[in-house]
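Before any comments, here is the structure.
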Amino acid sequence: MTIIYTMPGHLIRRLQQISVSVFAEQMKAAGSDLTSPQFAALAMLRDHPEIDQATLAGLIAYDRPTIGGVVDRLVAKGFVARTTNPEDRRAKVLTLTPEGDAALTRLIPVVEACQDAILPGLTDSEKAEFIRLAGKIAEAGNTLSRVPLQTGPKPD
């Protein structure tokens, strides 16, 4: 066996490829071109209305320059409104539009259903253990990330 097949980094990269592929396939089947980062942004905006792009980026562990493109595409789709913060004219406030809320509501079951397809070959208890361990690793290594997950305001 080639050594890379037992290396966590290689396996994690492969799992990411599988996850992205399954997500895109399920979105396409549901008639949507929403990406995983776009879905995460919509979900976070539902939980944290009227936040700025920098806060959104931190809440989904996305780098600030790239979140701008994600938000631009969500604005173009009519799913997010971007307005000027009255307290800081340089900052933009993001709000989920009714169309974005409806799309999110429609797509949450699709995303939930594709989670099993992301972890094929595992029993329910193995999936739960994988999620527990992956969460533990992600939390312990958060500060090692180029873009650490930031805790933010509590959902309304």
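The values are calculated or read from the model by the stated rules, or taken from the named source; none is laboratory data. Owing to the predicted nature of the structure, the values given are computational and were not obtained by experimental measurement. Neighbour counts run over all protein chains shown; Cβ positions are idealised from the backbone, glycine included. Calculation scope for accessible area: heavy atoms of the full protein, side chains included, ligands and nucleic acids excluded. Shrake-Rupley method; radii C 1.70, N 1.55, O 1.52, S 1.80 Å.
Tabulated data for the structure shown
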{"item": "Filter result for residue 57 (over 26 Å from residue 31 (Cβ atoms), in a helix (DSSP H, G or I) and in contact with a helix residue (DSSP H, G or I) (Cβ under 8 Å, 6 or more places away or on another chain))", "result": "yes"}
{"item": "Members of the stretch 76-85 that are among the aliphatic types (A, V, I, L, M) and either at positive phi or surrounded by 16 or more Cβ atoms within 10 Å (Cβ to Cβ) (or both)", "result": "80, 81"}
{"item": "Search result, residues across the stretch 106-133 that are aliphatic (A, V, I, L, M), out of contact with any Lys or Arg (no Cβ under 7 Å at 6 or more places or on another chain) and either over 28 Å from residue 51 (Cα atoms) or open to solvent by 80 Å² or more (accessible area, probe 1.4 Å) (or both)", "result": "113, 117, 118, 122, 128, 131, 133"}
{"item": "Search result, residues across the stretch 42-53 that are assigned to a helix (DSSP H, G or I) and either in contact (Cβ under 8 Å) with a residue 24 or more places away in the chain or in contact with a Phe, Trp or Tyr (Cβ under 9 Å, 6 or more places away or on another chain) (or both)", "result": "42, 43, 45, 46, 47, 53"}
{"item": "Flag for residue 70 being within 19 Å of residue 16 (Cβ to Cβ), in contact (Cβ under 8 Å) with a residue 60 or more places away in the chain and open to solvent by less than 70 Å² (accessible area, probe 1.4 Å)", "result": "no"}
{"item": "Residue within the stretch 87-107 that is at pLDDT below 90 and either in contact with a helix residue (DSSP H, G or I) (Cβ under 7 Å, 6 or more places away or on another chain) or of a type in the set (Phe, Trp, Tyr) (or both) present", "result": "yes"}
{"item": "Pairs with Cβ under 9 Å, 6+ apart, first in the stretch 90-104 and within 9 Å of residue 79 (Cα to Cα) and outside any helix (DSSP H, G or I), second open to solvent by 40 Å² or more (accessible area, probe 1.4 Å) and at pLDDT below 95", "result": "95/49; 95/50; 95/82; 95/83; 96/49"}
{"item": "Among residues of the stretch 1-30, those that are open to solvent by 70 Å² or more (accessible area, probe 1.4 Å) and of a type in the set (Val, Ile, Thr), counted", "result": "5"}
{"item": "Options 88, 101; residue that is over 14 Å from the mean Cα position of the chain (by Cα), over 28 Å from residue 134 (Cβ atoms) and loosely packed, with under 12 Cβ neighbours inside 10 Å", "result": "88"}
{"item": "Complete set of residues in the stretch 31-60 that are within 14 Å of the chain's Cα centre (by Cα) and open to solvent by 50 Å² or more (accessible area, probe 1.4 Å)", "result": "35, 36, 46, 47"}
